[in-house]
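**Q** Structure in structure tokens, see below.
The values are calculated or read from the model by the stated rules, or taken from the named source; none is laboratory data. Since we're looking at a predicted model, the values are computed, not measured. We place every Cβ from the backbone using ideal geometry, glycine too, and count neighbours over all the protein chains shown. Protein only, heavy atoms only, side chains kept; ligands, DNA and RNA dropped before computing areas. Shrake-Rupley method; radii C 1.70, N 1.55, O 1.52, S 1.80 Å.
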Amino acid sequence: MAIDTTHDVKMADEKAQIEDTANFDQNAKASEYKASAIEAENAEHNMGVLEAVKAYPMASLWAFVMSCTIIMESYCVFLIGNFIALPAFTREFGIINPATGKYVIETKWQSALQVSGQLGALIGVFLAGPLTSRIGYRWATITGLMALNGFIFIFYFANSLPIMFVAQLLEGMPWGIFIANAPAYCSEIVPLRLRAPATQMLQMFWAIGSIIVGGVTYHYNTSPNADAYRIPIALQWLFPTPLAILIFCAPESPWWLVRKGRLDEAVNAVGRLGRKSRSNPGETVAMMRRTVELELSDKEPNHLELWKGVDRYRTLIVCCVYLAQNLTGNLIANQAVYFFEQAGISTDTAFALGLITSALQWIFVMLSWILTTYIGRRTIYLWGSAINVFLLICLGIAASVGASHAASLAQASLGLIVSVLFTLGPAPASWVIIGETSSIRLRPLTTGIGRACYYIVEIPCIFLASYMLNPTGGNLGGKCGYVWGGTGLVCLIAAYFYLPEMKGRSYREIDILFKRKVPARKWKKTEIDINDDE
């Protein structure tokens, strides 16, 4: 009996036509989505700084709010640095130095108090990556702010150095979340032209924290009772709750939402960041999808991925830029008042100089916005580091010429200049580099592990810095400039060979340049076609 195959052939033809139509529709959608992505990226490249601010005013505002979280770490770091020079604090918790007859905090406790918060922050940055990857930047930061409110109670009521050590350790854990999340969030919510000033605000708020501390401790440095250190501790409560309310009202990072596949929410977030008349949320999200798909993976991000393939180089850049902050004289700024005292300046004048240093740092950070935006990250970082190394060596020479009033003034002046110029070049440029270098998918983990390296290096450096400055330790004074100048020179050489210039590059272009393994010194001259999707 003959078998009629006409029906089967007809069904097969219809199925093939349906599949061809579906493939055509899919290709058309992909083509349309890529065209929107290219349009959005071109728009960001062609946008000037002022135009970007007008197009995305709320992005600038929410980056400002998130950056405020850095005030709290800065405040407490400088607070402890000032406490070791505060007469009421040293009289309550210190010992008498037989050589001078004055009260001083023992070297071991001086170091321990300054390192305790960093130990807590080290724990916090490891918590920040997985926590943020799971629940987002907003809720991770709010969690840290509410925890900090409780930990401040322990610090305020502490009546011994060991309890203060524990309180600082606990406070440090939320700091770790803030310092890991803030640069990543700020770099993700603003357009390309605003990435530098948005992330450099972190350094500005670090300076603001030190200004507040400087003003408060300068006011209380002549007070003989416990209010001299209790009131500065209590002032920490001014920040967490108002910031938590503001961050609750902020939009989540659209890049994080795209990574999670929540595209409608991402469109809404972009719409809240920019003006409808000047921005196209759909095209912007298409650009984000295009970049995220370059890094496409079905797996949840994990710390092992940071050390595989091209991501290892990116992670190393972030880690090295972070740790270099501790190896180029930054600790002189953190202990500015104590440094000035050990250089032979009176206590009252030392506190005044500390306040002046903080105010100048704030001004110079704002000047750095212009330099980094128009000159570039690598250029500013290298030249700033080179000048910093030169000044540190000069500081060591000034301390080696013998004890005199002129030598003391020279050391104090150079210490102030080093602390201030650090915030014009290497410090603010570091925040931009950290925010731009990591891949989108691994960004929360990369910024966390980078900051962990910062603390791992800072902890022994704090002990070393305290030993070098303390009269019961090395008593080197300004001669510590030789040590920091040497380590700074090593960091400068490494940056020259391995730090690329990312100014004016979209995240897609940065991904491609890393995947092509373009040498760091050739990034500036390498062209990337707008259609490349490798």
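**Q** What percentage of the solvent-accessible surface of the stretch 49-250, computed with a 1.4 Å probe over protein heavy atoms, is contributed by carbon and sulfur atoms?
**A** Percent of accessible area from carbon and sulfur atoms in the stretch 49-250: 71.
**Q** For the stretch 159-219, list log₁₀ I(q)/I(0) at each q in 0.18 Å⁻¹, using the Debye formula over Cα point scatterers of equal strength and ignoring solvent, two decimals each.
**A** -0.82
**Q** Can I ask one more? Could you list, in their original order, any pairs among 308/517; 54/503; 260/524; 108/479; 308/524 whose Cα atoms are separated by more than 23 Å?
**A** 260/524; 308/524
**Q** Taking one equal scatterer on every alpha-carbon of the stretch 49-250, how large is log10 of I(q)/I(0) by Debye at q = 0.10, 0.15 1/Å?
**A** These q points yield log10 I(q)/I(0) values of -0.45, -0.90.
**Q** Okay, next question. Over the stretch 49-250, average the accessible area per residue using a 1.4 Å probe and give it in Å², no decimals.
**A** That works out to 33 Å² per residue.
**Q** Treating only the Cβ of Lys, Arg, Asp and Glu as charged (+1, +1, -1, -1), what charge dipole size does the stretch 49-250 show about its Cα centre? Round to the nearest 20 debye.
**A** 180
**Q** Considering only 107, 175, 53, whose Cα is most displaced toward the positive end of the charge dipole of the stretch 49-250, charges sitting on Cβ of Lys, Arg (+1) and Asp, Glu (-1)?
**A** The listed residue farthest towards the positive side: 53.
**Q** Apply 1/(1 + (r/R0)^6) to the Cβ-Cβ distance of residue 139 and residue 525, taking R0 = 41 Å, and write down the FRET efficiency to the nearest 0.05.
**A** Once the sixth-power term is evaluated, E becomes 0.45.
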